[in-house]
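Have a look at the structure below, then the notes.
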Amino acid sequence: MATRHFLTLLDLSSDELSYLIRRAITIKNGLKTHGPTYTPFSNRTLAMIFEKSSTRTRVSFETAMAQFGGHALFLSSRDTQLGRGEPVEDTARVLSEMVDAVMIRTFSHQGLEAFAAASTVPVINALTDDYHPCQLLADVMTWTELRGYVRGKTAVWIGDGNNMCHSWINAARQFDFQLRVCCPEGYEPRQDILDAAGDRVVVLHDPQQAAENADLITTDVWASMGQEEEQAKREADFAGFQVTEALLDRAAKDVLFLHCLPAHRGEEISETLLDDPRAPVWQEAGNRLHAQKALLEFLLLGRIES
């Protein structure tokens, strides 16, 4: 099988992404029933390069490899020659000779693309400044588990037009649902990403309007990693964009609220929102493990029909 990378949701077809969601649910159910007895990755190694901090991403990928019978190597920029100026292409060629796949959490999406272009093993985007596709696999998996097929439904993104927003836009294209992006003026997502999504995505600036009859509402912190110095300005600019229980009340009766975490209670969400039964965020976080197992399996072994 030719080497496949997962840098954005657009790297897989809609059919392949739908397969991954089904497969992730199957893997999760199997783990619950039989424990970690399915170990297809004997003697396989995943290199995990982190230039940004992580909890869910590191734990989920490391656990995924362990439960699949493989091994994960944690590499920070301080631990590798990347931190001393080695070209990313050279590191990619070296790792391709030693490991079976590479997962990277970094700042520059262009740097990730350069790494993947030089790699002969699968490369997975575990977050860049532009996209966070692995999170969307877990999000769509959670939505599907709880509400069935997402095609034709309506999701609402409230907050910054950031990497998570970009990946939600791509998800609307690939999974065929409608997305309302609701942000303060000046914080819209990239225009080229919006243009490519066509009429599946609309941009609004009123959270009350955006939430009306929505099937799902989601958000993220107002200041992402690397934007901490903008915190005060962003708090002022995003006043009125907090997601609350009252905002969910404007949505469909069976609305779900998702958050990629970590959440700042009292900022982008109300203090108590994560305790609301409409907010399955812990299930969502746990699904990172199962969605990434399905992704790793697909990239290394191909499609598994069960």
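The values are calculated or read from the model by the stated rules, or taken from the named source; none is laboratory data. It should be emphasised that the depicted structure is a prediction, and the values quoted were computed from it without experimental measurement. Positions of Cβ are backbone-derived with ideal geometry, glycine not excepted, and every protein chain shown enters the neighbour counts.
If a residue must be of a type outside the set (A, V, I, L, M, F, W, C), touching a strand residue (DSSP E or B) at 6+ places or on another chain (Cβ under 9 Å) and assigned to a loop (DSSP other than H, G, I, E, B), how many such residues does segment 126-141 contain? Please lay out each step first, then the result.
At the first step, the residues of segment 126-141 found to be of a type outside the set (A, V, I, L, M, F, W, C) are 128-133, 135, 139.
Right, trim to touching a strand residue (DSSP E or B) at 6+ places or on another chain (Cβ under 9 Å) and you get 128, 131-133, 139.
Add one more test, that the residue is assigned to a loop (DSSP other than H, G, I, E, B), and what stays is 128, 131-132.
Qualifying residue count, segment 126-141: 3.
In segment 282-306, what residues are surrounded by fewer than 19 Cβ atoms within 10 Å (Cβ to Cβ) and in a helix (DSSP H, G or I)? Working first, answer last.
Step one: list which residues in segment 282-306 are surrounded by fewer than 19 Cβ atoms within 10 Å (Cβ to Cβ), which gives 282-283, 286, 301-306.
Residues satisfying the conditions are Trp282, Gln283, Gly286, Leu301.
What is the one condition in (1) assigned to a helix (DSSP H, G or I); (2) under 18 Å from Cys134 (Cα atoms) that Leu274 does not satisfy?
(2)
Scan (1) more than 20 Å from Ile104 (Cα to Cα); (2) in contact (Cβ under 8 Å) with a residue 40 or more places away in the chain for the single condition Ser53 breaks and write down its number.
In the conditions (1) more than 20 Å from Ile104 (Cα to Cα); (2) in contact (Cβ under 8 Å) with a residue 40 or more places away in the chain, Ser53 misses (1) alone.
Which condition does Ala2 not pass, out of (1) among the aliphatic types (A, V, I, L, M); (2) modelled with pLDDT of 95 or more; (3) farther than 19 Å from Glu145 by Cβ, if it passes all the others?
(2)
Out of (1) over 17 Å from Gln135 (Cα atoms); (2) modelled with pLDDT under 95, the odd one out for Thr26 is which?
Going through (1) over 17 Å from Gln135 (Cα atoms); (2) modelled with pLDDT under 95 one by one, Thr26 breaks only (2).
Are any of the residues in segment 187-204 in contact with a Phe, Trp or Tyr (Cβ under 6 Å, 6 or more places away or on another chain) and surrounded by 15 or more Cβ atoms within 10 Å (Cβ to Cβ)?
Here is the first cut: in segment 187-204, the residues in contact with a Phe, Trp or Tyr (Cβ under 6 Å, 6 or more places away or on another chain) are none.
There is no residue in segment 187-204 that is in contact with a Phe, Trp or Tyr (Cβ under 6 Å, 6 or more places away or on another chain) and surrounded by 15 or more Cβ atoms within 10 Å (Cβ to Cβ).
Those residues that are free of Cβ contacts under 8 Å to residues at least 12 places away in the same chain and among the basic types (Lys, Arg), I need them from segment 85-113; list them, please.
Across segment 85-113, there are no qualifying residues.
Mind listing whichever residues of segment 265-281 are closer than 26 Å to Ser60 by Cβ, surrounded by 15 or more Cβ atoms within 10 Å (Cβ to Cβ) and of a type outside the set (Lys, Arg)?
First, pick out the residues of segment 265-281 that are closer than 26 Å to Ser60 by Cβ: 265, 267-269, 273-281.
The next check asks that each one be surrounded by 15 or more Cβ atoms within 10 Å (Cβ to Cβ); those that pass are 267-269, 273-274, 276, 278-281.
Selection gives Glu267, Glu268, Ile269, Leu273, Leu274, Asp276, Ala279, Pro280, Val281.
Residues are listed down the side, and each one gets a yes or a no for (1) closer than 19 Å to Thr8 by Cα; (2) modelled with pLDDT of 95 or more; (3) surrounded by fewer than 24 Cβ atoms within 10 Å (Cβ to Cβ); (4) in the same structural domain as Val59 (by TED's automatic domain parsing):
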| residue | (1), (2), (3), (4) |
| --- | --- |
| Leu127 | yes, yes, no, yes |
| Asp139 | yes, yes, no, no |
| Trp143 | no, yes, no, no |
| Gly148 | no, yes, yes, no |
| Arg151 | no, yes, yes, no |
| Gly159 | no, yes, no, no |
| Met164 | yes, yes, no, no |
| Ser167 | yes, yes, no, no |
| Arg173 | yes, yes, yes, no |
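What's the number of the only condition in (1) touching a helix residue (DSSP H, G or I) at 6+ places or on another chain (Cβ under 7 Å); (2) of a type outside the set (Gly, Ala, Ser); (3) more than 19 Å from Asp139 (Cα to Cα) that Glu228 fails to meet?
Here Glu228 clears every test but (1).
Evaluate segment 267-277: report whether one residue or more is free of Cβ contacts under 8 Å to residues at least 24 places away in the same chain and among the aliphatic types (A, V, I, L, M). Walk me through how you get there before you give the answer.
From segment 267-277, those free of Cβ contacts under 8 Å to residues at least 24 places away in the same chain are 271, 274-275, 277; that's our starting set.
After this cut, where a residue has to be among the aliphatic types (A, V, I, L, M) as well, the list is 274.
Yes - at least one qualifying residue is present in segment 267-277.
Check whether at least one residue in segment 206-224 is hydrophobic (A, V, I, L, M, F, W, C) and on the phi > 0 side of the Ramachandran plot, and report yes or no. Give the derivation first.
At the first step, the residues of segment 206-224 found to be hydrophobic (A, V, I, L, M, F, W, C) are 210-211, 214, 216-217, 221-223.
Narrowing further to those that are on the phi > 0 side of the Ramachandran plot: none.
No, because not a single residue in segment 206-224 is hydrophobic (A, V, I, L, M, F, W, C) and on the phi > 0 side of the Ramachandran plot.
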